[in-house]
Amino acid sequence: MKTAVVVGNPKPQSRTHEAGRLVAEKLTGGPPDYVLDIVDLGAGLLEWGNADVAAAVEAVQGMDVVVFASPTYKATYTGLMKLFLDQIPADGLAGVTAFPVMLGAGPAHLLAPELLFKPVLVELGATCPSVGLYLIDTSFAEDPRLDSWIERARKVLPAAG
């Protein structure tokens with residue numbers, strides 16, 4: 001099973017990056033095969049046909065499981081994540097099992113991954129078989145909800161093939 005983490009935080013190597021990797025590792029039992037810190041694509045995200053962006057999109061499309069991780073900005077995922085997702089063609093995530101993960105400062109946006117992030121992934125063709133995961137950014141690694149979410153999400157992982 002090939003796994004990836006796609007991080008939409010404007011700050012490189014952020015807590016969101018750390019959380020996305022942690023979720024992927026706990027979910028699959030090993031490190032992800034590919035990690036994309038979208039911020040590293042820079043202004044290329046604004047260029048249709050940019051080679052680096054196209055390569056990143058192709059890499060994500062080739063994965064079996066992708067954890068899409070974003071901090072909560074204005075009650076939803078970041079514009080940076082949106083810029084990347086806009087580069088993926090219709091049904092471009094067909095065959096990908098996606099898990100939306102969001103971090104935030106408090107519980108007010110607990111439903112954001114489910115209500116705002118998951119629909120765009122499904123619109124792009126991904127299968128999202130689990131509820132979205134929302135974690136508090138300062139305590140995500142110790143949050144007891146993480147392990148219970150992982151336990152449920154593991155049951156819906158695609159069969160290794």
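Per q in 0.30 Å⁻¹, report the Debye log10 I(q)/I(0) for region 62-107, using one uniform scatterer on each alpha carbon and no solvent.
Ignoring solvent entirely, the Cα scatterers give -1.16.
Out of all Cα-Cα pairs in region 89-161, roughly what percent, to the nearest whole number, are more than 19 Å apart?
39
How charged is the neighbourhood of residue 141? Take every other residue with its Cβ under 14 Å from the Cβ of residue 141, and add Lys/Arg as +1 and Asp/Glu as -1.
Neighbourhood net charge equals -2.
Taking 0.36 nm per residue of separation and subtracting the Cα-Cα distance, what length does fully extending residue 111 through residue 123 add?
2.5 nm
List the aspartates and glutamates whose Cα sits under 19 Å from the Cα of residue 82, skipping any in the same chain fewer than 8 residues away.
The qualifying aspartates and glutamates are 37, 40, 47, 52, 58, 91, 114, 123.
Counting only C-alpha contacts under 8 Å and six or more residues apart, can you give the relative contact order of the chain as a whole percent?
24
Per the Cauchy relation, a quarter of the hull surface: what is the mean projected area of the convex hull of the alpha carbons in region 121-161, in nm²?
Hull-based average projected area comes out at 3.9 nm².
So how strong a dipole does the chain carry about its Cα centre when Lys and Arg Cβ are +1 and Asp and Glu Cβ are -1, to the nearest 20 debye?
It comes to approximately 380 debye.
Counting only protein heavy atoms and using a 1.4 Å probe, what share of the accessible area of region 1-115 belongs to carbon plus sulfur, as a whole percent?
The value for region 1-115 is 55 percent carbon and sulfur by accessible area.
Tell me, what is the per residue accessible area of the chain in Å², probe radius 1.4 Å?
Dividing the accessible area of the chain by its residue count gives 46 Å².
Evaluate the relative contact order of region 29-87 (contact order divided by residue number), counting alpha-carbon pairs under 8 angstrom at least 6 apart; express in whole percent.
It rounds to 39 percent for region 29-87.
If you stretched the chain out fully between residue 54 and residue 152, how much longer would it get, using 0.36 nm times the residue separation minus the C-alpha to C-alpha distance?
32.0 nm
In Å and from the alpha-carbon atoms only, list the Rg and Dmax of the chain.
So, for the chain, Rg and Dmax equal 14.3, 42 Å respectively.
Just add up the charged neighbours of residue 15: K/R +1, D/E -1, any other residue whose Cβ is under 14 Å from the Cβ of residue 15.
-3
The values are calculated or read from the model by the stated rules, or taken from the named source; none is laboratory data. Owing to the predicted nature of the structure, the values given are computational and were not obtained by experimental measurement. Quick reminder, even Gly has a Cβ in these numbers, built from the backbone with ideal geometry, and neighbours come from all protein chains shown. Please note that ligands, DNA and RNA were not included when accessible areas were found on the heavy atoms of the full protein model with its side chains. Shrake-Rupley method; radii C 1.70, N 1.55, O 1.52, S 1.80 Å.
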